[in-house]
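Colleague: Quick one: the structure is below, and I'll ask about it shortly.
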Amino acid sequence: KRITSRDLALSVPEIDVIIDGHTNDLFEKPFKVGNTIIHSARKFGLYLGRVDLEFVNGKVIKYSGEAIPINLTNSEHIPPDPSLSKILQPYIEKSRKLMGEKIGEALGPFPLQRYRESPLFNLITDAVKKYTGVDVVIQNVGGIRDGIKKGPITRGDLNSVIPFNNEICIFKVKGAELIKILEYSASKYGVNSFAQLGGVRWSIDVNSKKFFNLTVGGLPVSPEKIYKVATIDYLVEGGDGYTFFKKLGNPLFIETGLFNREILAKYIKDCLLY
């Protein structure tokens, strides 16, 4: 389950104020959930979430706030604050060193190609398939944000490729259920809800957005056969319209504790030696 600020406020009532971000929601004023005041700075530094509190004997008796527009076009250059930059510099250096760690070497480029056969997505889904032992891997194309250039591959490069680092989840479905999931994915060809697959071969008519010639492990899909599937927690929770996973109510659902960026790094180190 993805934890929201509302969930956090209800689970930890000792928190007085949460100002969150990385969300498409815009709240002009703060609001209260349980004992906690919540406000949002939305995303990308477009807004500053401000909350003003009035205390009496250590207790908040009044609150107000606003979402202050900072850079709504996401195009204005805002110079760094010198005093804050000085405080952050040691952490920046530590991060730069970590992100510069070499993971492997690409003998050729792996460009970001979301809507065609893609060496990059083959690499990502093959890594998940290897370390989970599943039949099918489903990866939404919107979760992958960059390609890999020819030459050294650093940890920072993988952060650019997979910025969200989702947990891998495993469950079992009948072939008929798998077909329904893939019908939805094919219908989203050309947008970020479309999926690239591992362990699967299929063809898609880009005009009708219907698929054909579907095989898993080289064999046609059998409607009654049970298939083991791996995907990311974002899709399991219904992200990008993949509500099928919630409807399955599958008791064999497993949260693996494995994350797709770390899996890719391990795969490159273990299998693509340099």
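The values are calculated or read from the model by the stated rules, or taken from the named source; none is laboratory data. Model, not experiment: these values are computed from the prediction. Cβ atoms come from the backbone with ideal geometry, glycine included; neighbour counts cover every protein chain shown. With ligands, DNA and RNA removed, areas are computed over all heavy atoms of the protein, side chains included. Shrake-Rupley method; radii C 1.70, N 1.55, O 1.52, S 1.80 Å.
Colleague: State all residues of segment 114-138 that are touching a helix residue (DSSP H, G or I) at 6+ places or on another chain (Cβ under 9 Å), open to solvent by 10 Å² or more (accessible area, probe 1.4 Å) and outside any helix (DSSP H, G or I); if no residue qualifies, say none.
Modeller: Within segment 114-138, ARG114, TYR115, ASP135 meet the criteria.
Colleague: Among the residues of segment 7-48 satisfying the criterion of being of a type in the set (S, T, N, Q) and under 24 Å from GLU76 (Cα atoms), which is least open to solvent (accessible area, probe 1.4 Å)?
Modeller: SER40
Colleague: Surrounded by fewer than 18 Cβ atoms within 10 Å (Cβ to Cβ), in contact with a Phe, Trp or Tyr (Cβ under 6 Å, 6 or more places away or on another chain) and at pLDDT 95 or above: does that describe GLY100? I'd like the intermediate steps shown before the answer.
Modeller: On the way: surrounded by fewer than 18 Cβ atoms within 10 Å (Cβ to Cβ): yes; in contact with a Phe, Trp or Tyr (Cβ under 6 Å, 6 or more places away or on another chain): no; at pLDDT 95 or above: yes.
Judged against the criteria, GLY100 is not a match.
Colleague: Going by the structure shown, is ALA106 open to solvent by less than 80 Å² (accessible area, probe 1.4 Å), touching a Cys at 6+ places or on another chain (Cβ under 9 Å) and not aromatic (Phe, Trp, Tyr)?
Modeller: Against the criterion (open to solvent by less than 80 Å² (accessible area, probe 1.4 Å), touching a Cys at 6+ places or on another chain (Cβ under 9 Å) and not aromatic (Phe, Trp, Tyr)), ALA106 does not qualify.
Colleague: Continuing with this model, one more query. Taking segment 60-73, which residues are open to solvent by less than 90 Å² (accessible area, probe 1.4 Å), within 25 Å of THR23 (Cα to Cα) and not small (Gly, Ala, Ser)?
Modeller: Taking segment 60-73 first, the residues open to solvent by less than 90 Å² (accessible area, probe 1.4 Å) are 60, 63-71.
From the residues that got through so far, the ones that are within 25 Å of THR23 (Cα to Cα) too are 63-71.
Across segment 60-73, the qualifying residues are TYR63, GLU66, ILE68, PRO69, ILE70, ASN71.
Colleague: Within the bounds of segment 124-133, is there any residue that is in contact (Cβ under 8 Å) with a residue 12 or more places away in the chain and on the phi > 0 side of the Ramachandran plot?
Modeller: yes
Colleague: Can you find even one residue in segment 81-89 that is touching a Lys or Arg at 6+ places or on another chain (Cβ under 7 Å) and hydrophobic (A, V, I, L, M, F, W, C)?
Modeller: Among the residues of segment 81-89, not one is touching a Lys or Arg at 6+ places or on another chain (Cβ under 7 Å) and hydrophobic (A, V, I, L, M, F, W, C), which makes the answer no.
Colleague: Now a separate question. Among the residues of segment 37-56, how many are out of contact with any strand residue (DSSP E or B) (no Cβ under 6 Å at 6 or more places or on another chain) and either modelled with pLDDT of 95 or more or farther than 17 Å from ARG6 by Cα (or both)?
Modeller: The number of residues fulfilling the criteria is 6.
Colleague: Return yes or no: is PHE253 touching a helix residue (DSSP H, G or I) at 6+ places or on another chain (Cβ under 9 Å), among the aromatic types (Phe, Trp, Tyr) and open to solvent by less than 70 Å² (accessible area, probe 1.4 Å)?
Modeller: Answer is no for this residue.
Colleague: If you don't mind, there's one more thing I want to ask. Considering every residue within segment 49-59, establish whether at least one is part of a strand (DSSP E or B), loosely packed, with under 12 Cβ neighbours inside 10 Å, in contact (Cβ under 8 Å) with a residue 12 or more places away in the chain and not hydrophobic (A, V, I, L, M, F, W, C).
Modeller: Among the residues of segment 49-59, at least one is part of a strand (DSSP E or B), loosely packed, with under 12 Cβ neighbours inside 10 Å, in contact (Cβ under 8 Å) with a residue 12 or more places away in the chain and not hydrophobic (A, V, I, L, M, F, W, C), which makes the answer yes.
Colleague: To continue, here is another question. List the number of the failed condition for PHE164; all other conditions in (1) more than 21 Å from GLU117 (Cβ to Cβ); (2) at pLDDT below 95; (3) out of contact with any Gly (no Cβ under 7 Å at 6 or more places or on another chain) hold.
Modeller: Of everything listed in (1) more than 21 Å from GLU117 (Cβ to Cβ); (2) at pLDDT below 95; (3) out of contact with any Gly (no Cβ under 7 Å at 6 or more places or on another chain), PHE164 misses just condition (3).
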